[in-house]
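Beneath this line is the structure, given in structure tokens, with notes to follow.
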Amino acid sequence: DVVETQEHYKSRWRSIWIMYLTMFLSSVGFSIVIMSVWPYLQKIDPTADASFLGWIIASYSIGQMVASPLFGLWSNYRPRREPLVISTAISVAANCLYAYVHVPHSHNKYYMLTARALVGFGAGNVAVVRSYIAGATSLTERTSAMANTSACQAVGFILGPVFQTCFTLIGEEGITWNLIHLQLNMYTAPVLFGALLGVVNIILIFAILREHRVDDMGRQCKSINFEGEESGVVDQDAEGNVDHVAVVAINFLFFVILFVFAVFETIATPLTMDMYSWTRKEAVFYNGIILSVIGIESVIVFMVVKTLSKKTGERAILHGGLLIVLVGFFILLPWGKKLPNIQWQEIKNNSIPRTTSAEKLMPFWSLQATQLPSNHTVEPVGCPVTQSWCLNTPMIYLAQYISSDILIGLGYPVCNVMSYTLYSKILGPKPQGVYMGWLTASGSGARILGPVFVSQIYTHLGPRWAFSLICGVVVVSLLLLEIVYKRLIAFSVRYGRMQE
């Protein structure tokens with residue numbers, strides 16, 4: 001064991017800050033174009049429909065799910081600089097491809113799909129980032145470092161749309177550089193900016209990042225990874241088997257956490273349009289504000305949880321976070337008696353209240369007489385009568401929705417940080433690249449399946465079924481946490497090398 005020098009300490013934390021930056025840029029790469037994908041897709045390829053947009057959004061998570069274990073495996077046996085540089089270079093190239101998807105004469109939507117999938121593939125480096133931070137921090141530093149990492153990720157998700165909004169000042173036409181067929185407009189400028197940030201990140205990785213490793217007590221160790229003189233064997237504290245039951249349990253809990261949050265994000269716009277008769281523009285605007293506030297709330301929670309975990313421990317905080325999420329979705333269940341406004345009646349006449357039972361149960365075929373002429377330009381609002389549950393499911397009041405947003409915005413970041421922290425501590429000083437890759441992949445899979453689940457259940461069965469099933473899933477997660485609670489301890493504690 002080597003006592004850590006001041007110079008080693010400074011170099012170690014400079015490297016960790018580079019990891020924070022990499023995480024931030026990875027999330028910016030996802031969110032910086034998310035608001036403009038649909039109008040850009042319509043502009044470059046009129047054959048694209050809303051269902052194809054879903055594939056484009058999902059392609060990022062699919063790419064990340066595939067890449068995470070691969071980059072994680074790579075980082076176990078080679079210097080982390082290699083997968084980090086290659087993955088960032090892939091993201092840079094993918095962003096440049098996105099800026100040129102207007103050039104081909106056909107199949108433009110498939111080029112956009114490829115570009116977003118490759119950006120997601122490059123974002124698989126978050127597994128490398130997490131494994132590096134896990135290996136370069138002691139147990140007492142770990143929670144704080146993981147919280148900072150998640151905060152950087154959250155800030156990236158918040159600032160991405162802000163950057164996009166700034167670039168809208170360029171306009172749809174923008175500037176064209178004919179020599180290289182480049183159009184610099186509100187759709188391409190954000191990704192080119194993202195590519196520039198990626199190049200800066202690569203330069204900083206080469207200039208500052210060094211391989212560092214400390215054991216659970218903070219003592220300097222030789223690096224697990226091969227890098228010239230720094231390579232070496234794992235120290236004796238790494239001897240012992242990882243508790244795979246605890247590993248699988250955390251993977252499942254993390255999947256559930258990401259799944260329910262993906263459901264929450266996906267359902268926000270259609271739910272508010274159905275319940276409060278908001279127009280598309282109103283729903284996007286108001287939910288955008290709500291999600292921004294939740295993002296700020298999350299960053300504050302990340303900062304608070306670092307201090308709180310020192311007093312209560314990570315397991316108790318994870319338990320509390322899951323309970324808060326459960327309450328958040330329980331509040332969303334329809335409890336009242338008032339029914340939502342039906343879309344066809346809003347079209348018929350906004351001034352006629354729906355009071356009779358006959359009106360509520362009017363068969364679909366008899367609604368034809370209530371429709372406006374085809375040249376009417378008013379956007380229909382309310383709960384579509386094609387969703388049969390609208391006729392008999394009570395509405396969710398706005399106070400319920402806002403309360404639920406606040407609670408889920410509190411519980412989700414708590415669960416997110418604690419999952420990563422507990423996971424890294426359970427794995428101990430062994431190489432964590434592959435394990436972190438699987439954890440990232442499970443989160444990516446949840447982000448893919450969540451929107452599919454909620455779109456089907458909500459559309460056909462309504463919010464009562466959708467949110468009841470989510471509550472059931474969270475209850476199962478809480479039961480699992482109770483079962484494995486005593487096993488979710490640090491590797492060094494499990495083998496008696498440290499006190500819990």
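The values are calculated or read from the model by the stated rules, or taken from the named source; none is laboratory data. All of these numbers come straight from a predicted model, not from anything done at the bench. Because the Cβ atoms are built from the backbone with ideal geometry, glycine has one as well, and the counts that use them run over all protein chains shown. Each accessible area value is taken on the protein alone, full model and side chains, heavy atoms only, with ligands, DNA and RNA left out. Shrake-Rupley method; radii C 1.70, N 1.55, O 1.52, S 1.80 Å.
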Q: Sort out which residues of region 44-72 are under 23 Å from the mean Cα position of the chain (by Cα) and open to solvent by 50 Å² or more (accessible area, probe 1.4 Å), and write them in order of number.
A: Ala50, Ser51, Trp55, Ile57, Ile62, Met65, Val66, Leu70
Q.
Of all residues being closer than 28 Å to Glu141 by Cβ and of a type in the set (Ser, Thr, Tyr) in region 400-428, which is most open to solvent (accessible area, probe 1.4 Å)? Just the residue, please.
A. Tyr412
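Residue by residue, here is whether (1) exposed (fewer than 13 other Cβ atoms within 10 Å of the Cβ); (2) over 27 Å from Val119 (Cβ atoms); (3) at pLDDT 75 or above holds:
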{"residue": "His181", "(1), (2), (3)": "yes, no, yes"}
{"residue": "Leu192", "(1), (2), (3)": "no, no, yes"}
{"residue": "Asn201", "(1), (2), (3)": "no, no, yes"}
{"residue": "Phe206", "(1), (2), (3)": "yes, no, yes"}
{"residue": "Arg213", "(1), (2), (3)": "no, yes, yes"}
{"residue": "Gly228", "(1), (2), (3)": "yes, yes, no"}
Q) Within region 399-417, is even one residue farther than 28 Å from Val155 by Cβ and either among the aromatic types (Phe, Trp, Tyr) or assigned by the TED database to the domain that holds Pro69 (or both)? A) no
Q: Please work out if Phe167 is surrounded by fewer than 22 Cβ atoms within 10 Å (Cβ to Cβ) and under 29 Å from Glu297 (Cα atoms).
A: no
Q) Is it the case that Val129 is out of contact with any Pro (no Cβ under 9 Å at 6 or more places or on another chain), open to solvent by 20 Å² or more (accessible area, probe 1.4 Å) and of a type in the set (A, V, I, L, M, F, W, C)? A) no
Q | Cβ-Cβ under 6 Å pairs, at least 6 apart or on other chains, region 462-480 side open to solvent by 30 Å² or more (accessible area, probe 1.4 Å), far side at pLDDT below 95 and not hydrophobic (A, V, I, L, M, F, W, C) | A | Arg464/Pro334; Arg464/Thr393
**Q.** Pair list, Cβ under 8 Å, 6 or more apart: region 417-435 residue part of a loop (DSSP other than H, G, I, E, B), other residue of a type in the set (Phe, Trp, Tyr) and at pLDDT below 85
**A.** Gly428/Phe491; Pro429/Phe491; Lys430/Phe491
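Give the residue, chosen from Ser298, Ser309, Ser292, that is of a type in the set (Gly, Ala, Ser), within 26 Å of Leu333 (Cα to Cα) and out of contact with any Pro (no Cβ under 6 Å at 6 or more places or on another chain).
Ser292
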(Q) Please go through region 73-87 and give me each residue that is buried (at least 24 other Cβ atoms within 10 Å of the Cβ) and modelled with pLDDT under 90, ordered by number. (A) Ser75, Arg80
Q) Could you list, in sequence order, the residues of region 341-363 that are in contact with a helix residue (DSSP H, G or I) (Cβ under 9 Å, 6 or more places away or on another chain) and either at pLDDT 85 or above or in a helix (DSSP H, G or I) (or both)? A) Gln343, Trp344, Gln345, Ile347, Lys348, Glu359, Lys360
Q) Within the set of pairs 6 or more residues apart or between chains, which connect a residue that is more than 10 Å from Ser61 (Cβ to Cβ) inside region 438-455 to a residue that is of a type in the set (A, V, I, L, M, F, W, C) and open to solvent by 50 Å² or more (accessible area, probe 1.4 Å) with Cβ atoms less than 7 Å apart? A) Ser442/Phe255
(Q) Can you find a residue that is closer than 15 Å to Thr114 by Cβ and among the polar types (S, T, N, Q) anywhere in region 85-92? (A) yes
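Looking at region 429-441 only, could you name the residues that are of a type outside the set (A, V, I, L, M, F, W, C) and surrounded by fewer than 24 Cβ atoms within 10 Å (Cβ to Cβ)? Explain how you work it out, then say what you get.
Step one: filter region 429-441 for residues of a type outside the set (A, V, I, L, M, F, W, C), giving 429-433, 435, 437, 440.
Scanning region 429-441 gives Pro429, Lys430, Pro431.
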